[in-house]
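**Q** Provided herewith is a single structure, encoded as structure tokens, for subsequent inquiry.
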Amino acid sequence: NAGVTQTPKFQVLKTGQSMTLQCAQDMNHNSMYWYRQDPGMGLRLIYYSASEGTTDKGEVPNGYNVSRLNKREFSLRLESAAPSQTSVYFCASSAGTGNWGNQPQHFGDGTRLSIL
Amino acid sequence: SQQGEEDPQALSIQEGENATMNCSYKTSINNLQWYRQNSGRGLVHLILIRSNEREKHSGRLRVTLDTSKKSSSLLITASRAADTASYFCATAVSGNTPLVFGKGTRLSVIA
């Protein structure tokens, strides 16, 4: 089992460009999450999907969109990249439907995104 | 906004010593979780302690939870160089809201 797979691992964009970060999990988990990690800020939740077919905003959703393509895949899109979106992006998943917020999360190894 | 705050921000110890990290939080919780992050990698779940539990062990890890003080501690006994990582606490306020992570403690274990 690969767990949570994120692609790409690294990316450099110019301001204004768009791109989609991909995430897939093979653990049959119901819930998926996107975080950004900046120095000194810890992990901040961008968007999450508690179950297939639903998505909700997290703490820092501005400038991002998400798509829960199916149970396995959850993508994050930057429509018009800005330097403030330079960060490391992590995707995570967790099992269960009831009490989904209480479940341990499994993380991918991140996408390092630089926006010039 | 951060619910949990880890203390200290950074900790440096010698191999073989014990490492203690603390987490304080603001509101009532369903459970509290600890995660480890090695440099350049994603977070790895270590241990989950429920609000009705006071102490939990997993190998060299010991976690305590004091709901009256809204605080938790993670103790790593007999530290190894491989324990060098950042450690995060995360709190679950309810079953229908996502985890909220703290900013982490950077642990360096010197061989």
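**Q** Being closer than 22 Å to residue B:32 by Cα, at the interface with another protein chain (Cβ under 8 Å from one of its Cβ atoms) and assigned to a strand (DSSP E or B), is that true of even one residue in region A:91-105?
**A** yes
**Q** In addition: Does residue A:85 fit the bill of being under 27 Å from residue B:5 (Cβ atoms) and more than 9 Å from chain B (Cβ to nearest Cβ)?
**A** Values: under 27 Å from residue B:5 (Cβ atoms): yes; more than 9 Å from chain B (Cβ to nearest Cβ): yes.
Judged against the criteria, residue A:85 is a match.
**Q** Pick from region A:56-83 the residues that are out of contact with any Gly (no Cβ under 8 Å at 6 or more places or on another chain) and of a type in the set (Gly, Ala, Ser): which of them is nearest to residue B:35 (Cα to Cα)?
**A** Across region A:56-83, the extreme among qualifying residues is A:58.
**Q** Being more than 9 Å from chain A (Cβ to nearest Cβ) and within 12 Å of the chain's Cα centre (by Cα): is that true of residue B:48 here?
**A** Working: more than 9 Å from chain A (Cβ to nearest Cβ): no; within 12 Å of the chain's Cα centre (by Cα): yes.
No.
**Q** Taking region A:97-116 only, how many residues are surrounded by fewer than 16 Cβ atoms within 10 Å (Cβ to Cβ), small (Gly, Ala, Ser) and in contact (Cβ under 8 Å) with a residue 12 or more places away in the chain?
**A** Count: 1.
**Q** Now for a separate question. Within region B:69-76, is even one residue more than 27 Å from residue A:91 (Cβ to Cβ), exposed (fewer than 15 other Cβ atoms within 10 Å of the Cβ), touching a residue at least 60 places away in the same chain (Cβ under 8 Å) and out of contact with any Gly (no Cβ under 7 Å at 6 or more places or on another chain)?
**A** Scanning region B:69-76 turns up no residue that is more than 27 Å from residue A:91 (Cβ to Cβ), exposed (fewer than 15 other Cβ atoms within 10 Å of the Cβ), touching a residue at least 60 places away in the same chain (Cβ under 8 Å) and out of contact with any Gly (no Cβ under 7 Å at 6 or more places or on another chain).
**Q** State whether one or more residues within region B:46-54 are buried (at least 16 other Cβ atoms within 10 Å of the Cβ) and touching a His at 6+ places or on another chain (Cβ under 6 Å).
**A** no
FYI, it's all coordinate maths here, none of it is from the lab. All values derive from a computational prediction rather than experimental measurement. No Cβ is skipped: glycine too gets one built from the backbone with ideal geometry, and neighbour counts run over all protein chains shown.
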